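Here the structure is laid out as structure tokens; the discussion comes afterwards.
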Amino acid sequence: MSLSIDLSSAPARGALRPAPAEEKPHLVGLGREALGDALRAVGVPDRQVRMRVQQIWHWLYVRGVADASLMRNVSKDLREIIATRFDISRPEIVEEQISVDGTRKWLLRFPARGAGRPVEVETVYIPEEGRGTLCVSSQVGCTLTCTFCHTGTQRMVRNLTAGEIVGQVLVARERLGDFPALDTPDGAIVPSEGRLVSNVVMMGMGEPLYNYDNVKEALAIVSDGDGLALSKRRITLSTSGVVPMIRPTGEEMGVGLAISLHAVRDELREILVPINRKYPLKELMEACRTYPGLSNARRITFEYVMLKGVNDSLEEARELVRLLKGIPAKINLIPFNPWPGSDYECSDWDQIERFAAVVNEAGYASPIRTPRGRDIFAACGQLKSESERMKKTERLAAG
Ligand code: SF4
């Protein structure tokens with residue numbers, strides 16, 4: 001059972017209001033320097049820029065406001081300028097689904113860019129004991145076609161901007177009451193102490209390393225100590241294996257790395273994760289071995305989805321151990337969550353446990369990820385597809 005709330009026609013409340021129709025520059029997602037330039041461009045005197053940037057940064061990221069009139073220590077004139085010349089609105093929440101296990105999934109709509117159409121992406125919140133993880137999308141659809149992944153069946157529309165990536169974090173924190181002036185909704189399942197959104201994983205829709213600059217800019221804002229202030233140790237970027245961008249990720253972003261591995265032989269990985277044809281396992285493993293900042297305290301996470309009769313033999317478990325030799329690693333075994341039309345089945349639970357035992361005995365942590373939010377289309381990309389299907393049905397009904 002799950003609770004699903006359609007918020008597309010919710011009453012106006014700063015954060016839920018759709019973004020304005022005309023394209024005004026969005027302030028969320030600009031680094032401090034770009035924010036300063038934007039203020040200068042609307043006439044803020046040079047001598048004030050630093051202070052104003054500091055104030056606006058605080059209101060956007062510490063207080064979480066989405067309405068300029070609430071920025072109390074900013075002069076009235078500047079508040080008006082922000083309200084009329086810039087956009088600080090949140091993405092529109094089209095739908096919010098809440099699972100019985102507390103997992104929340106939002107379908108978010110971003111305005112059209114240029115001649116394009118408005119786009120929708122998913123963001124998922126997974127509460128656990130002691131942490132709350134937000135799974136953030138980087139692209140609308142995906143150019144890659146991993147055969148086990150539902151998003152891989154969707155057309156790539158465009159990259160998300162840095163502001164749209166940060167916007168997902170702001171929406172989640174607001175809906176969970178994780179900003180100072182807000183309360184957590186009654187009955188919400190959240191960690192019993194600490195921050196409600198304590199971890200961010202770039203593991204939603206899209207390949208983050210194909211949208212490198214925007215992801216880098218967004219994560220710099222998410223980890224800025226005077227704003228959202230999430231430690232880089234609590235941010236993980238997951239890639240299907242865009243080898244040339246792995247080292248820059250470590251050097252320039254300094255976040256944790258996860259690899260969508262899923263197979264230990266090139267022939268199979270080329271089917272499951274087709275980017276393997278371009279960057280085969282040998283090159284991928286070499287890039288992991290030399291990932292900047294890698295240590296036993298900072299391991300790479302290898303994601304391995306368990307597909308019955310495809311990649312779940314004990315021989316493959318032993319090969320996995322051989323492949324990872326010398327890499328400080330943790331292996332996440334993910335029971336496959338079938339989606340309508342998928343070709344695969346989830347491995348039997350006993351087999352997953354036997355597989356995990358082989359990996360464990362070799363000294364690697366290999367938690368089996370508990371399936372979460374199965375009652376709310378938890379496979380990445382499903383909510384978006386469902387929404388598109390409904391729109392199509394509505395169109396057909398109307399036409
Ligand atoms: S697993 Fe990631 S990279 Fe592969 S198709 Fe899905 S979203 Fe794209």
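We did not get these values from a lab; they are worked out from the coordinates using the rules stated. Fair warning: this is a prediction, and the values are worked out from it, not measured in the lab. Don't worry about glycine lacking a Cβ; one is built from the backbone with ideal geometry, like all the others, and counts go over all protein chains shown.
Quick rundown of the values:
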| quantity | calculated |
| --- | --- |
| Anisotropy class of segment 18-80 from Cα gyration tensor, a/c 1.5 cut | rounded |
| Relative contact order (%) - segment 20-85, alpha-carbon pairs under 8 angstrom, separation at least six | 27 |
| For the chain: lysine pairs under 17 Å (alpha-carbon distance), excluding those fewer than 8 apart on one chain | 4 |
| Length gained when the stretch Thr184-Ala83 is fully extended (0.36 nm per residue, less Cα-Cα span) | 33.6 nm |
| Nearest-ten-degree value, helix 382-398 long axis tilted from longest Cα axis of the chain | 70 |
| Net length gained if the chain between Ser75 and Ala115 were fully extended (0.36 nm per residue, minus Cα distance) | 10.8 nm |
| Estimated 222 nm signal from helices in the chain, with DSSP H stretches of n ≥ 4 weighted -39500 (n - 2.57), rounded to 500 | -8500 deg cm²/dmol |
| Length-normalised contact order of the chain in % [C-alpha pairs under 8 Å, at least 6 apart] | 14 |
| Crossing angle, helix 212-222 versus the chain [Cα axis fit, 0-90 degrees, rounded to tens] | 70 |
| Using a Förster distance of 25 Å, the FRET efficiency for Glu283-Arg233 (Cβ separation, nearest 0.05) | 0.40 |
| Mean Cα-pair separation over length for segment 250-373, i.e. relative contact order, pairs under 8 Å, 6 or more apart, % | 25 |
| For the chain, with +1 on Lys and Arg beta carbons and -1 on Asp and Glu, the positive-most of Asn73, Cys288, Val140 along the dipole | Asn73 |
| Nonlocal amide H pairs with Leu307, under 5 Å, H built at 1.01 Å | Asp312, Ser347 |
